[in-house]
Structure formats: C-alpha cells, structure tokens
Amino acid sequence: MGPADLRKEGSSYDLPMAVGILAASQQIKTHKLDKFVMMGELSLDGTLHPVKGALPIAINARKEGFEGFILPKQNAREAAVVDSLKIYGVENLIEVIAFFNEKSGLDQTIVDTRAEFYNRVNQFDLDFSDVKGQENVKRALEIAAAGSHNLLMIGPPGSGKTMLAKRLPSILPPFTLKEALETTKIHSVAGRIGKDTSLMINRPFRSPHHTISDIALVGGGKFPQPGEISLAHNGVLFLDELPEFKHSVLEVMRQPLEERKITISRARFSIEYPSSFMLIASMNPCPCGYYNHPSRDCTCPPGMVRKYVNRVSGPLMDRIDIQLEVVPVSFRNLDEKVNSETSEKIRERVIRARQIQEERLKDVRGVYCNAQMNSNMVREFVVLDRSSRELLKNAMDKLGLSARAYDRIMKVARTIADLEGSEKVESYHLSEAIHYRSLDRENWGT
C-alpha cells in the first residue's frame, strides 16, 4: 500500500482492500467507488468489526469532498455527527458488494447532533445535594470549577474526598458543541466511543488507578495513543491516593499541566495531543491516615507525616492552586434533615463567573479562564491595593511560598472575586485564596 512512508496501523484497511480486489477482478461495478471512503476490519466470514478514529476520518472525508462513508455499523452513530456526509453502517462485506452492484441499498445513519446534545447536556447521576456537611470543601470545589483550578484534598479515610470529587462534573459549565466535538475526536482515536454514542455530552471524568504506568497516563506506545491526561481533555483527571502513584508518573505530568498539551516523539514522527484538564487529587495525611483527625490518634512515628507528604514533589505541589484539609462529617451533620444546595444552583454561579472571565480574556487567544492566565496577565488583571499587597507579602514570607505559588494565589483570588461579581480583588478575596494553601503552613505535618 502506497505511499510507503505513510504510517499504517491495524486492520482498518481490510474493507477498502477487499473492495479494491473485487473491483480489479471485475466482481463489482466501479463507477461509484471514488465517491466513498471505506474503513473496517474484516473477519474470515466477512463480518465487519469496529475501528478506531471513525469521527476524525469522517471529518476529513467531508473536507476532501467525498459523498459518503461506509464503515462498520458499530461506528455509524459516531461518524454521523459530521453533517453533509452520508454515513452507511454495514454488518458484512456482502452488503457492500450488493450496494456497489446496485442490487440493494444501504440505510443511511442520521443523527440530529444539536437536539441530542442540548437534550442531555444537563443530565447527571450524581448531585451535590446528596452531600451532608463539608461546606468548606464544596466552596473550594465551586471556586476550582469557576476558574478551572487544580485542587488537592487531604484528609483521613471516609471523610468524603472521592465522593465530592465525583460530583465535580455536575457543577462544571456545560460543553460547547466545539468542545464536545474536540473531546469526542480524542476518545474516537483511542477507541473509547460506544456503539450507541454519537457525541460526548458530559465532560469526561477520568480516575486511573495508582498503579498506572507513565505511558498509560501521558500517552505513547509503539503507535502512540492518547493517555489518560488527553482522555480527560476539557474535563477532570482525578488522582486518588496521590502519594501512592509512582514518582516518575507524577513528574511526567508537570509539563502537560503547564502547557495543556503533550507531544509524543518517535524516530520518524511526532504526535501532539491536547491535555487541558482540571487535576483533582486526594490523599491521606499520613500512612495511618489519621493525622489531625478530631477523634482518633495518629500512630505514625515523628517525621513520618512530612515524609509521606513529600512523596509528592514541590514543583508538582506548586502547580496545584487549591490545597485544603477535609475532616470527617459529624453525626449531627449526617443526621440533620436540611437539604444541601443542588449542583444546578452551584453551576449557575460557576457559569456566570466563567462568562465574566471569557469577556475579560476575549482578546487573548487560547485563554478562556483564570487558571490559564500567565504571569503577565495576572499582573494586568489582578491589581492589589496597598493593604492587600502587605497581606500577601506577609503570607509569602511566613509560608515560604515560591513565585509559582504567588501566581496561583492571585489567580484563585481573581476567581473568588468573579464569583462575587466584583471587578476588583479585595483583601478578603486574597485572604480566602491564601487559606487554600493548607500544606504550605509553617507547622503543618510537624
């Protein structure tokens, strides 16, 4: 198959090769062949099996001016997202032969993308109204969602860290059609689109186990595939028990966190995958899990708490905007009948804050929220008065914060002000942002 220097992988070309052989041996008519793109893996009995990347192939087929796309039935709804291109899902080679010989037609797969998208964009299985207590954590998650900030929760087992993290997608702004299409393309390339799925509706929530390898997290392999950080693009990457991840796995994530993309290079080619995600992490405060617990004693020897936390490197910790302690919920809070605030109400505030940020950053290409601002933008959009600067200076000196942590505090303060609808960042906004640097406190872990 030429050209020889064009990389080819897998059995996706089985169907076009089979049709080419049938056409060359004059077993099928050829007058319609040049109007269609074909992809599919053939089994020995002629049955077609699904392929990866149907959506990007369909997009390019429309761009190249083809009339239609013939592919396995399991991929048909995925490809039908692309309008102005006829999508035909087939189950076996016999159907394709009959179609080109004009003995029978094929059923076109049609998906009303906009109707399907807007009907389901606000549907979630989990809601913040299920959560009792933990108002300070809900507030931190709301701020993280409003500014797309990275967040770390540290607390004992059973305090609700994972439960809270899983509800974060329910308060994130809904996908735009552009974001949904971009995210669906990545999952299509990775072969993660179900047969009944056409367009991804909700933001992805990826939660890899701590035994994950470097390649599985950032992507790669002999024929590079997207990793978890790219599958979480435009969504959430949740790392539970953060210190248990291998050191090398966490360190390779530092660059994508800053640049929001990952480049995988090989001898003859390189591939760039997007990786703009929110990092949400959780961890126990120590090996036994009960440091700072209100009712249970920590059994770890002296120095073990700080040693355990130091498994996560300083540079990675600096890239986490919000760090807060989570304490267990008391029986009184669990037993009370008061209904918690719903995700829908929180989401409304988050959307308003994002709209403020988009308007402020409309002239900056590729930047849509506070977490994406660079140092120059922080200086331009976060102007502090004299008392606020003095407050931040004292906090920096006492906590020994780095320049990167300084920028993080400023960005979080800007988001808190946006949630309040305040044009100016006040000192109390800054105080709350400093409060969310729990692990930087001088006496923490000692």
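On the basis of being at pLDDT below 90 and either more than 15 Å from the chain's Cα centre (by Cα) or of a type in the set (Lys, Arg) (or both), does residue 224 make the cut?
yes
Filtered by the rule that a residue be open to solvent by 40 Å² or more (accessible area, probe 1.4 Å) and assigned to a loop (DSSP other than H, G, I, E, B), region 185-212 gives 191, 192, 195, 196, 197, 202, 207, 209, 210, 211. Whenever a residue of region 168-187 is over 23 Å from residue 56 (Cα atoms) and at pLDDT 90 or above, its partners that are buried (at least 20 other Cβ atoms within 10 Å of the Cβ) and of a type in the set (S, T, N, Q), lying with C-beta atoms within less than 8 angstrom and at least six residues away or across chains, give the pairs 170/343; 171/343. Considering only residues that are in contact with a helix residue (DSSP H, G or I) (Cβ under 6 Å, 6 or more places away or on another chain) and open to solvent by less than 20 Å² (accessible area, probe 1.4 Å), which ones fall in region 120-137? Within region 120-137, 128, 133, 137 meet the criteria. Taking first residues from region 297-309 that are free of Cβ contacts under 8 Å to residues at least 40 places away in the same chain and partners that are assigned to a loop (DSSP other than H, G, I, E, B) and open to solvent by 60 Å² or more (accessible area, probe 1.4 Å), the Cβ contacts under 7 Å between residues at least 6 apart in sequence or on separate chains come to 300/287; 304/287.
Determine, yes or no, whether residue 182 is farther than 24 Å from residue 283 by Cα, outside any loop (DSSP other than H, G, I, E, B) and either open to solvent by 10 Å² or more (accessible area, probe 1.4 Å) or touching a helix residue (DSSP H, G or I) at 6+ places or on another chain (Cβ under 7 Å) (or both).
Judged against the criteria, residue 182 is a match.
Against the definition (farther than 19 Å from residue 154 by Cβ, of a type outside the set (S, T, N, Q) and part of a helix (DSSP H, G or I)), how does residue 256 come out, yes or no? Yes, satisfied. Of all residue pairs spaced 6 or more apart or on separate chains, those with beta-carbon atoms under 7 Å, a first member in region 12-38 that is closer than 18 Å to residue 79 by Cβ and a second member that is acidic (Asp, Glu) are 12/41; 14/41; 35/67; 36/67.
Any residue at all in region 40-52 that is without any contact (Cβ under 8 Å) to a residue 40 or more places away in the chain and within 21 Å of residue 182 (Cβ to Cβ)? Within region 40-52, not a single residue is without any contact (Cβ under 8 Å) to a residue 40 or more places away in the chain and within 21 Å of residue 182 (Cβ to Cβ). Every condition in (1) in a helix (DSSP H, G or I); (2) closer than 26 Å to residue 259 by Cα is met by residue 153 except one, and the failing one is (1). Across region 264-285, the number of residues qualifying as open to solvent by less than 80 Å² (accessible area, probe 1.4 Å) and without any contact (Cβ under 8 Å) to a residue 40 or more places away in the chain comes to 2. Among the candidates 246, 261, 307, the residue that is modelled with pLDDT of 85 or more, closer than 30 Å to residue 6 by Cβ and open to solvent by 20 Å² or more (accessible area, probe 1.4 Å) is uniquely 261.
Screening the candidates 362, 345, 393, 411 for the property of being surrounded by fewer than 18 Cβ atoms within 10 Å (Cβ to Cβ) and under 22 Å from residue 140 (Cβ atoms) yields one hit, 345.
When region 1-53 is examined, which residues are found to be among the aliphatic types (A, V, I, L, M), more than 22 Å from residue 222 (Cβ to Cβ) and exposed (fewer than 13 other Cβ atoms within 10 Å of the Cβ)? The answer is 21, 24, 44.
The values are calculated or read from the model by the stated rules, or taken from the named source; none is laboratory data. Small disclaimer: the values here were computed from a predicted structure and weren't measured. Cβ sites come from the backbone with ideal geometry, for glycine too, and all protein chains shown count toward neighbours. Just so you know, the surface numbers come from the protein's heavy atoms only, side chains and all, with ligands and any DNA or RNA stripped out. Shrake-Rupley method; radii C 1.70, N 1.55, O 1.52, S 1.80 Å.
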